[in-house]
1. Just the Kirkwood number for the stretch 28-145, please: inverse of mean 1/r across all distinct Cα pairs, in Å, one decimal.
2. Looking at the stretch 79-119 from every direction and averaging, what is the projected area of its Cα convex hull in nm²?
3. Please identify which residues in the stretch 57-85 have an amide N closer than 15 Å to a label point set 7 Å out from the Cα of ASP132, following the Cα→Cβ vector.
4. Label-point separation (nm) for SER148 and SER239, each offset 7 Å from Cα along Cα-to-Cβ?
5. Give me the net charge of TRP79's neighbourhood, meaning all other residues with Cβ under 13 Å from the Cβ of TRP79; Lys, Arg count +1, Asp, Glu -1.
6. Find the Cα radius of gyration of the stretch 105-253, compare it with 2.2 N^0.38 Å by division, and give the number to two decimals.
7. Report, to one decimal in Å, the Kirkwood hydrodynamic radius for the stretch 203-253 based on all distinct Cα pairs.
8. Using 0.36 nm per residue, how much length does the chain from HIS161 to ARG211 gain when fully extended, once their Cα-Cα distance is taken away?
Amino acid sequence: MNTTPPAARVAVVTGAGSGIGREVARQMLAAGYRVALAGRRESQLKETADDHPEALVAPCDVTRQDDVEHLFDAVRRRWGRVDLLFNNAGVFGPAASVDEISLEDWNATLAVNLTGSMLCAAAAVRAMKAQDPQGGRIINNGSISAHSPRPRTVAYAVTKHAMTGLTKSIELDGRGFGITCGQIDIGNTATDIMDTIGVGAGALQADGSRRVEPTFPVEDAARAVLMMAGMPPSASVGSVVITAAGMPFIGRG
């Protein structure tokens with residue numbers, strides 16, 4: 001594990017107002033990290049923070065470059081550095097195939113999932129290059145859909161495939177600056193987004209049928225993120241896949 005005490009490490013978690021982001025932020029705070037909680041809804045960020053003294057509530061729309069720059073400026077003003085970014089903000093987007101999705105919906109999904117992740121990574125990398133000691137770690141939240149898409153999820157699937165390219169590019173370009181980047185691909189953790197696609201009631205399968213799929217606790221997904229975060233600077237976890245046991249991923253279709 002990282003030999004630097006967690007209390008000396010500063011993390012930024014996007015999408016921290018709910019779901020995986022909320023649980024990761026809470027577990028990091030419990031482990032002693034200083035954590036900036038970023039998201040669009042301040043009230044939900046405050047619920048996540050629960051008045052923790054080492055939590056910074058930072059409302060931010062990741063699709064707006066000015067918002068992202070203000071977020072990282074606020075983190076550096078408070079703690080002087082950025083050691084970790086959990087690039088987690090995302091939306092599932094519309095249920096549509098490529099011939100059905102509107103350009104507006106396509107652009108809106110890419111703006112959050114892909115451009116937002118790029119803007120946050122860019123700001124984090126600039127901070128990590130400039131600070132002393134130099135370096136840090138970025139963890140991108142991909143998805144099982146980065147490997148195998150669900151039916152009628154073209155915008156979401158494309159953004160998650162693209163996230164893998166973003167991850168590998170950051171890892172490659174960050175080598176000379178002590179910056180590592182990895183991706184966690186999570187399948188069927190029990191969050192509100194699973195209700196959106198009907199996992200608990202019957203998710204659409206490739207053959208047109210619907211199947212109730214297993215889920216697993218969000219706390220376990222967050223522990224996997226903390227494992228990646230806690231690795232020493234000499235090690236980089238490039239890819240982690242964690243799914244509900246028995247979900248239709250291997251052999252999907």
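The values are calculated or read from the model by the stated rules, or taken from the named source; none is laboratory data. What you are looking at is a predicted structure, and each value in this text was computed from that prediction instead of being measured. Using ideal geometry, Cβ is built from the backbone for each residue, glycine included, and neighbour counts are taken over all protein chains shown. Accessible surface areas use protein heavy atoms only, side chains included; no ligands, DNA or RNA. Shrake-Rupley method; radii C 1.70, N 1.55, O 1.52, S 1.80 Å.
1. On the way: mean 1/r = 0.0649 Å⁻¹.
Radius from the Kirkwood sum: 15.4 Å.
2. 3.7 nm²
3. 80-81
4. It works out to 1.4 nm between the two label points.
5. Numbers: positive: ARG9, ARG34, ARG76, ARG77, ARG78, ARG81; negative: GLU54, ASP73, ASP83.
Result for the local shell: +3.
6. On the way: Rg = 16.6 Å, N = 149, 2.2 N^0.38 = 14.7 Å.
The stretch 105-253 yields a ratio of 1.13.
7. On the way: mean 1/r = 0.0752 Å⁻¹.
Roughly 13.3 Å, rounded to one decimal.
8. On the way: separation 50, 0.36 × 50 = 18.00 nm, distance 2.42 nm.
Gain in length upon complete extension: 15.6 nm.
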